[in-house]
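Reading through the structure tokens given below for one structure.
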Amino acid sequence: MLDIHNLNVPVRIQQLLSEQGITTIEQLTKFCRRELSKLPKLGAKSLDQIEEALIKRGLSLAQDPFAPYTCARHGQPRGDVSLESLYLCDGCARKFQNIPFRGTAPEYVGPPVKGYCLHCNRLFNNVRLRQWYLCGICSRVVKSIGRSMVADDYLQAWWQREVQPDFPHLRLELTDPPELRSYDFNETQGETR
Ligand SMILES: [Zn+2]
Ligand SMILES: [Zn+2]
């Protein structure tokens with residue numbers, strides 16, 4: 001157990017920690033930043049110095065159990081993030097993970113069941129429940145794309161059935177198919193999604 005005086009921070013900080021009963025580096029790493037910030041006279045700059053000194057030793061402060069979860073699509077902690085359950089086929093799940101969720105694997109993958117994929121709306125023998133942490137906005141976006149796809153499919157079918165026979169020279173083309181995009185993409189495109 002290394003004495004707190006071995007930590008490469010100003011003596012003032014070492015003393016403040018000792019006064020609070022934190023006398024070893026090992027003890028210090030049991031605290032998260034939020035907890036330390038409650039100690040008297042320990043400001044943000046001191047906390048930065050503590051964290052930097054720990055990193056140089058290959059250590060870090062404890063994870064904050066009350067910190068907000070990170071949205072898989074935003075890649076940032078947000079206050080309204082919760083675990084979202086999505087039934088997806090393997091293809092759509094792979095697509096979700098790779099592009100909009102920036103490589104984040106689902107927190108949970110369930111056993112295969114027969115049913116419809118939330119995204120492509122096709123029937124599979126092996127859709128699986130998959131769970132990711134998503135904020136409110138991303139959760140709504142993710143769940144709404146499948147509905148747009150159903151609407152587009154219906155319109156195409158209706159066109160083929162009702163319009164095409166009488167007007168064979170007209171074509172209905174889907175020029176902007178609905179797809180789940182990454183958050184960054186939307187930002188640069190100035191979209192609201
Ligand atoms: Zn699918
Ligand atoms: Zn989000």
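Evaluate the following for PHE167: is it more than 18 Å from the chain's Cα centre (by Cα), exposed (fewer than 15 other Cβ atoms within 10 Å of the Cβ) and either of a type outside the set (Ser, Thr, Tyr) or closer than 30 Å to ALA67 by Cβ (or both)?
yes
Here is a check on your reading of the model: is GLN97 over 30 Å from GLU26 (Cα atoms) and in contact with a Ser or Thr (Cβ under 8 Å, 6 or more places away or on another chain)?
For GLN97, the condition - over 30 Å from GLU26 (Cα atoms) and in contact with a Ser or Thr (Cβ under 8 Å, 6 or more places away or on another chain) - is met.
Among the numbered criteria (1) within 10 Å of the chain's Cα centre (by Cα); (2) farther than 30 Å from SER46 by Cβ, which one does VAL81 miss?
Condition not satisfied by VAL81: (2).
Among (1) within 15 Å of ligand 1 (Cβ to nearest atom); (2) touching a strand residue (DSSP E or B) at 6+ places or on another chain (Cβ under 7 Å); (3) among the charged types (D, E, K, R), where does GLU107 come up short?
(1)
For every residue, the table says whether it meets (1) more than 16 Å from ligand 1 (Cβ to nearest atom); (2) within 30 Å of ARG128 (Cα to Cα); (3) without any contact (Cβ under 8 Å) to a residue 12 or more places away in the chain; (4) surrounded by 11 or more Cβ atoms within 10 Å (Cβ to Cβ).
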site	(1), (2), (3), (4)
PHE31	yes, no, no, yes
THR70	yes, yes, no, yes
VAL81	yes, yes, no, yes
CYS89	no, yes, no, yes
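Going through GLN14, GLN27 one at a time, which residue ends up being buried (at least 18 other Cβ atoms within 10 Å of the Cβ), not hydrophobic (A, V, I, L, M, F, W, C) and not in a loop (DSSP other than H, G, I, E, B)?
Matching residue, one of GLN14, GLN27: GLN14.
Every number here is computed from the coordinates shown, using simple stated rules; none is lab data. All figures in this text were calculated on a predicted structure; none of them were measured in a lab. In this analysis, Cβ positions are derived from the backbone assuming ideal geometry, glycine residues included, and neighbour counts consider all displayed protein chains.
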